[in-house]
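S.K.: I have a structure I would like to understand better, so I am pasting it below and will then ask my questions one at a time.
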Amino acid sequence: MGLVLGEFLQQVAAGAAVLCALVLAFRRRLFLAQDVKAYVLATVALTSWQVLSPAVALLTGAADRWPRWARYGQVLDTASAAAVASAGTVGVPWLLIAGLALGGWVLSGALGLFQHLVRWPWEPPALLKLSLARLHENFGTEEHPRYAAGGFVFHRLRFSHGAMAVLGPALACLARARPAWLRGLAAVSLCALLLAPYTAFARAALLTGLMVCAVALVLLVRGTPRKVGMALAVVLVGLVVATPAWRARLGKAVENIYGGERSLAMSVGSRLVREHPLVGVGFGNYKPAALATQEETGISDLLSTDAHNLWLTVWAETGLVGLLLLAAVHGLLARALIRRHRQGSIPATGALLSFVGFHLLALVHYLPFHSSVHLSFAFVWGLGLCEWKHPERADEGR
C-alpha cells in the first residue's frame, strides 16, 4: 500500500520484510533457488559495505563527518528486494497486491490530473516537507498554467518515477495474461501510469515509459497488436509534442545535460571520484562532500544531493568497491529474472521490464535518493523472483 500512499509506510514495510527474511534464515526455513541465493548474498555484501563505508572514509580522511541518519538509514533500501524475494518463499497474495496496485495507481493518476490542472488550494502536511510555492510552480504558459502534479505522494518526481516501477508489471499482464478482463484492467492501469510523468512534466520518466512500452511491444507482442501498440505510441508522442508546455520542457532537456545543471552535478561527481576512487566519501556523505567544492564549482544546495547518475553517485560515495558490488547485484538480479521470464513467469517479465526502466532513468537520476522510488522498484523485483505457481504446501509450511 505504501506504493501509492506514502514513503513512510513503504519504509516500515521494507523493514518488516527484512525482519521476516532474517527470521526465516535464523529458523533455517529460507529455501532459495541457487540464482536467487547468489543475488541475495551479493546484496548482503553490498549492504554491509554501505554500512561500513562511512567509517572507512573517516579512517582514510576521505570524510570528516558521519552522514545524516536519514540518509544513512537508506542502506535498508538496498536489502529490500532480496528481503521481498526471501519473504515470498512462504507464499505471495498475488491478487491482493495486484488489486491494490491497480486501484491505487488509477486513483493516484486521477488525483495527479486534478493537481495538474488546478492550482493546489491546500497546504501539504508538514511531514512531506514540501513548500506551497513549489507546488504552485507553473510548468505551462500564463494563458494555460499547468502545475506540478504529484498524486498521493505530493512530489512530482516520486510520483512519476514510482509509476515507472509499476509500469513493467502492467505491461506484462497486458501482453501475457489470459483472461480478457485482466488485460483490460492492465490497460487501465497502464494509462494511469503513463499519465503520471505526463502530468508531472517529468521528461526522463515519460521518455523511459515510452521506451519500456516499445521494448514490451518488441519482445512480448506479435502481429496486429504490435502494430496497434506502435501506432498508439506514435499518437502519444504527437500529443506531447503538440503541447506548448511540453515543447518548452523538451527544448530545455538537451541544454540541461550539455552545460546545464545536470552537467554541473555530474562534473562534481566526477571530481569526487577522482579524489577518492577506491573507498569513496562514505555512503550518505555525497552532499557535504559536494558542498565542500562549492567555491570552486558553484554547485548549489539543491544540485549537491547527488551526481544525477546512479553509477557515478555510487562510485563517489562507496568507491570502486561499492561500484563493483552494485554491478554484481544488478547482474545477478537480471540473470535470475531472465531465467524466470523464459519459464513463463508474468511477475518476472514485469520485473524485467521494470529493471530496464530503472536503468534508463538511472542514467540521469540517482533513484535511491528517494526511498519511495527505490523501494517501488525493489518491491517489483523481489516479487519477480518469487514463485509464480505455488505447489500445494502443508499448513505448517504456509
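S.K.: What number does the chain give for Rg over Rh if you use C-alpha atoms and the Kirkwood radius?
M.R.: On the way: Rg = 21.1 Å, Rh = 21.9 Å.
Across the chain, the Cα-based Rg/Rh ratio is 0.97.
S.K.: Contour minus end-to-end for residue 389 and residue 338, with contour as 0.36 nm per residue of separation and end-to-end as the Cα-Cα distance? Mind showing how you got there, number by number?
M.R.: Numbers: separation 51, 0.36 × 51 = 18.36 nm, distance 1.69 nm.
Answer, rounded to one decimal: 16.7 nm.
S.K.: If you don't mind, there's one more thing I want to ask. Only Lys, Arg, Asp and Glu count, each charged at its Cβ (+1, +1, -1, -1), so figure out the dipole size of the range 99-245 about its Cα centre, rounded to 20 debye.
M.R.: Values: 13 positive and 4 negative charges, 121 e Å.
It works out to roughly 580 debye.
S.K.: Cβ neighbours within 10 Å, averaged per peptide: list 368-380, 352-364, 237-249 in order, most packed at the top. Kindly include the intermediate steps, with their values, before the conclusion.
M.R.: Numbers: 368-380: 24.9, 352-364: 22.3, 237-249: 13.6.
Packing order, densest peptide first, comes out as 368-380, 352-364, 237-249.
S.K.: About the Cα centre of the range 4-140, how large is the charge dipole given +1 on each Lys and Arg Cβ and -1 on each Asp and Glu Cβ? Please answer in debye to the nearest 20. Could you put the intermediate results ahead of the total?
M.R.: Numbers: 10 positive and 6 negative charges, 62 e Å.
The calculation lands at about 300 debye.
S.K.: What length, rounded to one decimal in nm, is gained on full extension from residue 45 through to residue 214, with 0.36 nm per residue of separation minus their alpha-carbon distance? Mind showing how you got there, number by number?
M.R.: Numbers: separation 169, 0.36 × 169 = 60.84 nm, distance 3.47 nm.
Residue separation times 0.36 nm, minus the Cα-Cα distance, leaves 57.4 nm.
S.K.: Excluding same-chain residues fewer than 8 positions from residue 252, which aspartates and glutamates have a Cα within less than 13 Å of its Cα?
M.R.: The reachable aspartates and glutamates, counting only those whose Cα sits under 13 Å from residue 252, are 261.
S.K.: Is there a quick way to get the dipole size of the range 172-269? I mean about its Cα centre, with the Cβ of Lys and Arg at +1 and of Asp and Glu at -1; what is the value in debye to the nearest 20? Present the calculation step by step, with values, prior to reporting the outcome.
M.R.: Details: 11 positive and 2 negative charges, 81 e Å.
The dipole of the range 172-269 has a size of about 400 debye.
S.K.: Oh, and also: Provide the FRET efficiency to the nearest 0.05 for the residue 327-residue 142 pair, computing r from the beta carbons and using R0 = 45 Å. Kindly include the intermediate steps, with their values, before the conclusion.
M.R.: On the way: r = 47 Å, r/R0 = 1.05.
The formula returns an efficiency of 0.45 here.
S.K.: Still on this model: To the nearest 10 square angstrom, how much accessible area does residue 365 have with a 1.4 angstrom probe?
M.R.: For residue 365, the solvent-accessible surface is approximately 30 Å².
S.K.: With the dipole of the range 1-128 worked out from charges on the C-beta (+1 for Lys and Arg, -1 for Asp and Glu) around the Cα centre, which of 61, 89, 24 lies farthest toward the positive end?
M.R.: So the residue furthest toward the plus end is 24.
S.K.: So what is the calculated 222 nm ellipticity per residue for the chain, using -39500 (n - 2.57) for each DSSP H run with n of 4 or more, over all residues, to the nearest 500 deg cm²/dmol?
M.R.: Details: 18 runs with 277 residues, N = 398.
-23000 deg cm²/dmol, from helical runs alone.
S.K.: Could you order peptides 290-301, 168-179, 85-96, 40-51 by the average number of other Cβ atoms within 10 Å of their residues, highest first? Intermediate values should be presented prior to the final figure.
M.R.: Numbers: 290-301: 14.9, 168-179: 21.5, 85-96: 16.9, 40-51: 19.5.
Per-residue mean Cβ counts within 10 Å order the peptides as 168-179, 40-51, 85-96, 290-301.
S.K.: Per the Kirkwood definition applied to all pairs of different Cα atoms, how many angstroms is the hydrodynamic radius of the range 229-322? Please report the intermediate quantities before stating the final value.
M.R.: On the way: mean 1/r = 0.0673 Å⁻¹.
The answer is 14.9 Å.
S.K.: On average over all directions, what projected area in square nanometres does the range 47-114 have, based on the convex hull of its Cα atoms?
M.R.: On the way: hull surface 30.0 nm².
Answer in nm², one decimal: 7.5.
S.K.: Straight-line reach only, C-alpha to C-alpha below 21 angstrom: list the lysines that residue 129 could link to, leaving out same-chain residues fewer than 8 apart.
M.R.: 287
S.K.: How do the peptides 157-164, 113-120 rank, highest first, by the average count of neighbouring beta carbon atoms within 10 Å per residue? Intermediate results must be reported in sequence, preceding the final value.
M.R.: On the way: 157-164: 28.2, 113-120: 15.8.
In descending order of packing, they fall as 157-164, 113-120.
S.K.: At q = 0.28, 0.30 Å⁻¹, what base-10 log of I(q)/I(0) does the Debye formula yield for the range 1-47 when every alpha carbon is treated as an equal point scatterer in vacuo?
M.R.: For the range 1-47 at q = 0.28, 0.30 Å⁻¹, log10 I(q)/I(0) is -0.99, -1.03.
S.K.: Leaving out ligands, DNA and RNA, and with a 1.4 Å probe, what % of the accessible surface on the chain is carbon or sulfur? It would help to have the intermediate numbers written out before the result.
M.R.: Working: 12870 of 19140 Å².
Result for the chain: 67 percent of the exposed heavy-atom area is carbon or sulfur.
S.K.: On a C-alpha basis, how far is the centre of the range 194-230 from the centre of the range 281-300 in Å? Whole number, if you could?
M.R.: 36
S.K.: Separate question: Calculate, in nm to one decimal, what residue 129 and residue 191 gain on full extension: separation in residues at 0.36 nm each, minus their alpha carbon distance. Spell out each step's value before the answer.
M.R.: Working: separation 62, 0.36 × 62 = 22.32 nm, distance 2.91 nm.
Computed gain between residue 129 and residue 191 is 19.4 nm.
S.K.: Okay, next question. Give me the Kirkwood hydrodynamic radius of the range 22-150 in Å, from all C-alpha pairs, to one decimal place?
M.R.: Details: mean 1/r = 0.0517 Å⁻¹.
About 19.4 Å, per the Kirkwood formula over Cα pairs.
The values are calculated or read from the model by the stated rules, or taken from the named source; none is laboratory data. This is a predicted model, so every value here is computed, not measured. Reconstructed Cβ throughout: ideal geometry from the backbone, glycine too, with neighbour counts over all protein chains shown. The area values use the complete protein model at the heavy-atom level, side chains included, leaving out ligands, DNA and RNA. Shrake-Rupley method; radii C 1.70, N 1.55, O 1.52, S 1.80 Å.
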